[in-house]
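S.K.: Have a look at this one.
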Amino acid sequence: MNPSHEAPDDAVNDLAAMAARAVFLAYLGAVAAAPVLLLLTFCSGHLLTLGASMLAAALAGFCRMWLQAQGRFDRAKGQFDGWPGDGGPESAEAEHRTQFIELLRAWDELEQKRGSPAFDPWAAQAVRQSIREMIAGDPALDRLFHT
């Protein structure tokens, strides 16, 4: 079975979880709207915007209170942390590449000290071993260095 067509996780996609995410989004919108409307009230002097600001603040408070009463606030917040794009396969690949580049730079710095009293052959060997392990564990790097 293709992993992209697997059945969705019921705990994430059940009606209560989706409702909690929708209420959390309403909470975020109300939290953002309340101070903006209050600032607009001070700039324009219209009481209508003051009322809208108070309604937004009340909506934010109600949403947060409801989510906390249901025990879903932290979980809903956690589902949106780093969203969109952070924490996915792309960021893991980018982190892996960054780690590989850092190892290559560390190896280069160590090799530049070769022949001087500051050269540490054991540190160079440890970095080379880490690079070998990373290449062995990544098929793309393995193809790049062994073809």
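S.K.: Please give the calculated 222 nm ellipticity per residue for the chain, where each DSSP H segment of at least 4 residues contributes -39500 (n - 2.57) and the sum is spread over every residue; nearest 500 deg cm²/dmol? Don't skip to the answer; put the middle values down first.
M.R.: Values: 7 runs with 114 residues, N = 147.
Result for the chain, helices only: -26000 deg cm²/dmol.
S.K.: Taking one equal scatterer on every alpha-carbon of region 89-145, how large is log10 of I(q)/I(0) by Debye at q = 0.20, 0.27 1/Å?
M.R.: So the normalised log intensities are -0.75, -1.07.
S.K.: Using only Cα atoms, tell me the angle between helix 121-137 and the longest principal axis of the chain; keep it within 0 to 90° and round to the nearest 10.
M.R.: 60 degrees
S.K.: So, one more: From the backbone phi of region 108-120, what are the Karplus-calculated ³J(HN,Hα) couplings (6.51 cos²θ - 1.76 cosθ + 1.60, θ = phi - 60°) in whole Hz, Gly and Pro given as x?
M.R.: Rounded to whole hertz, the list is 4, 4, 5, 5, 5, 8, 4, x, 9, x, 7, 6, 10.
S.K.: The chain: Rg/Rh from Cα coordinates, Kirkwood Rh? Intermediate values should be presented prior to the final figure.
M.R.: Numbers: Rg = 26.3 Å, Rh = 20.7 Å.
With Rg and the Kirkwood Rh in hand, the quotient comes to 1.27.
S.K.: I need the Kirkwood Rh of region 3-80: take the reciprocal of the average 1/r across all distinct C-alpha pairs and report it in angstrom.
M.R.: Details: mean 1/r = 0.0716 Å⁻¹.
Radius from the Kirkwood sum: 14.0 Å.
S.K.: When only Cα pairs under 8 Å and 6 or more residues apart are kept, what is the percent relative contact order across the chain?
M.R.: Details: 79 pairs, mean separation 23.8, N = 147.
Relative contact order, the chain: 16 percent.
S.K.: If you plug each phi of region 16-32 into the Karplus form 6.51 cos²θ - 1.76 cosθ + 1.60 with θ = phi - 60°, what whole-Hz ³J(HN,Hα) values come out, in order, with x for Gly and Pro?
M.R.: Values, residue by residue: 5, 5, 5, 5, 4, 5, 5, 5, 5, 5, 5, 4, 4, x, 5, 5, 6 Hz.
S.K.: Continuing with the same structure: Output ³J(HN,Hα) for region 52-61: one whole-Hz value per residue in order, computed from phi by the Karplus curve 6.51 cos²θ - 1.76 cosθ + 1.60 with θ = phi - 60°, and x for Gly and Pro.
M.R.: 5, 5, 5, 5, 5, 5, 5, 4, 4, x
S.K.: Another question, if that's okay. Treating only the Cβ of Lys, Arg, Asp and Glu as charged (+1, +1, -1, -1), what charge dipole size does the chain show about its Cα centre? Round to the nearest 20 debye. Kindly include the intermediate steps, with their values, before the conclusion.
M.R.: Details: 12 positive and 18 negative charges, 101 e Å.
It comes to approximately 480 debye.
Coordinate-derived values only; no laboratory data. Keep in mind that this is a model prediction, so the values were computed, not measured. Reconstructed Cβ throughout: ideal geometry from the backbone, glycine too, with neighbour counts over all protein chains shown.
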